[in-house]
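K.L.:
The structure that follows is given in the form of structure tokens.
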Amino acid sequence: AQSVTQLGSHVSVSEGALVLLRCNYSSSVPPYLFWYVQYPNQGLQLLLKYTSAATLVKGINGFEAEFKKSETSFHLTKPSAHMRDAAEYFCAVSDPRLGSNYKLTFGKGTLLTVNP
Amino acid sequence: DAGVTQSPTHLIKTRGQQVTLRCSPKSGHDTVSWYQQALGQGPQFIFQYYEEEERQRGNFPDRFSGHQFPNYSSELNVNALLLGDSALYLCASNLGGLAGNEQFFGPGTRLTVL
């Protein structure tokens, strides 16, 4: 079984500060990993994904994440926060053996607040 | 491209009733997955449809059932509603063929059970 743990249900940063959202996973096989963002009253939007290519993955809106197998982590970072980054962020894992018929297992989410 | 669409946007039901939620996948996608997102939680996988068949299922009771039509659209049915079924129901679609193809999510249907 796969699982995801997101450390910190709420992270607050100042505008212009570094954003670091933590994600640790558990998986019996090398996983695929995803970060999604959810703005209020909207669905989920993919920020970036790791599918066993480069361990440093760059996504949209200036976000990036690094896959660290030894630490079973996939933390999301952004050098400088913008007000528009305020949203809920979800880390998710899937089993590559399922091919395109994969299901996503999500963490509980981290609410990011950006202060002016 | 319309993306994934879901209807209705909001729904209020009472305990014991039945509900049907609808989803149209992104153009060109053939796989539809349903997720339940309770308040303050991450989405949980309900089931997935491909070629009009349920491919895999999460840990949800048989009260949750679904269907996929030849045009790839899908329905989620929930019978004998419980208060705990109140949640945001998300539909996601992706294109079969490659592992890791992005699942695109719809805006969801907010179900409230009174």
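The values are calculated or read from the model by the stated rules, or taken from the named source; none is laboratory data. None of the values given here were measured: they were computed from a predicted structure. Reconstructed Cβ throughout: ideal geometry from the backbone, glycine too, with neighbour counts over all protein chains shown. With ligands, DNA and RNA removed, areas are computed over all heavy atoms of the protein, side chains included. Shrake-Rupley method; radii C 1.70, N 1.55, O 1.52, S 1.80 Å.
K.L.:
So what is the relative contact order for chain A, in percent, with contacts set as C-alpha pairs under 8 Å and at least six apart?
P.N.:
Computed value for chain A: 37 percent relative contact order.
K.L.:
On a 1.4 Å probe surface of the protein chains, which of B:Arg57, A:Arg22 comes out largest in accessible area, and what is the full order?
P.N.:
Result, largest first: A:Arg22, B:Arg57.
K.L.:
Find the sum over both chains of the accessible area lost when A and B are paired, probe 1.4 Å, and report it in Å² to the nearest 100. Don't skip to the end; give the middle numbers.
P.N.:
Working: alone 6400 and 6210 Å², together 10770 Å².
So the buried area, both faces added, is about 1800 Å².
K.L.:
Just in the stretch A:1-110: which GluC sites (Glu not before Pro) are loop by DSSP and have at most 15 other Cβ atoms within 10 Å? Present the calculation step by step, with values, prior to reporting the outcome.
P.N.:
Numbers: sites: A:Glu15, A:Glu64, A:Glu66, A:Glu71, A:Glu88; in loops: A:Glu15.
Hits after loop and neighbour filter: A:Glu15.
K.L.:
Counting only protein heavy atoms and using a 1.4 Å probe, what share of the accessible area of the protein assembly as shown belongs to carbon plus sulfur, as a whole percent?
P.N.:
Exposed carbon and sulfur together represent 51 percent of the surface.
K.L.:
Given all pairs of different Cα atoms, what value in angstroms does the Kirkwood hydrodynamic radius of chain B take?
P.N.:
Values: mean 1/r = 0.0713 Å⁻¹.
Taking the inverse mean of 1/r over all distinct Cα pairs, chain B comes out at 14.0 Å.
K.L.:
Calculate, for chain A, the solvent-accessible area per residue in square angstrom, rolling a 1.4 angstrom probe over the heavy atoms of the protein chains. Please list the in-between numbers first.
P.N.:
On the way: 5460 Å² over 116 residues.
Per-residue value: 47 Å².
K.L.:
Still on this structure, please answer the following. Mean separation of Cα pairs under 8 Å and 6+ residues apart, divided by the residue count of the stretch B:43-114: what relative contact order is that in percent?
P.N.:
Computed value for the stretch B:43-114: 22 percent relative contact order.
K.L.:
Can you pull out the chymotrypsin sites (Phe, Trp or Tyr not before Pro) in the stretch B:1-73 that DSSP calls coil and that have at most 13 other Cβ atoms within 10 Å?
P.N.:
Listed in order of number, the matching sites amount to none.
K.L.:
Excluding ligands, DNA and RNA, what is the solvent-accessible area per residue of chain B at a probe of 1.4 Å, expressed in Å²?
P.N.:
Value returned for chain B: 47 Å² of accessible area per residue.
K.L.:
Now for a separate question. Output the Kirkwood hydrodynamic radius of the stretch B:57-112, Cα pairs only, in Å rounded to one decimal.
P.N.:
Answer for the stretch B:57-112: a Kirkwood hydrodynamic radius of 13.2 Å.
K.L.:
Hey, could you pull the Cα Rg and Dmax for the stretch A:1-51, both in Å?
P.N.:
Spelled out, the Cα radius of gyration and Dmax of the stretch A:1-51 are 13.2, 38 Å.
K.L.:
I would also like to ask the following. Once you wrap a convex hull around the alpha carbon atoms of the protein assembly as shown, what is its projected area averaged over all directions, in nm²?
P.N.:
For the Cα atoms of the protein assembly as shown, the hull's average projected area reads 12.5 nm².
K.L.:
Would you kindly give the portion of the calculated P(r) for the stretch A:32-116 that falls above 22 Å, as a percent of all Cα pairs?
P.N.:
Numbers: 900 of 3570 pairs.
Value for the stretch A:32-116: 25 percent of Cα pairs lie more than 22 Å apart.
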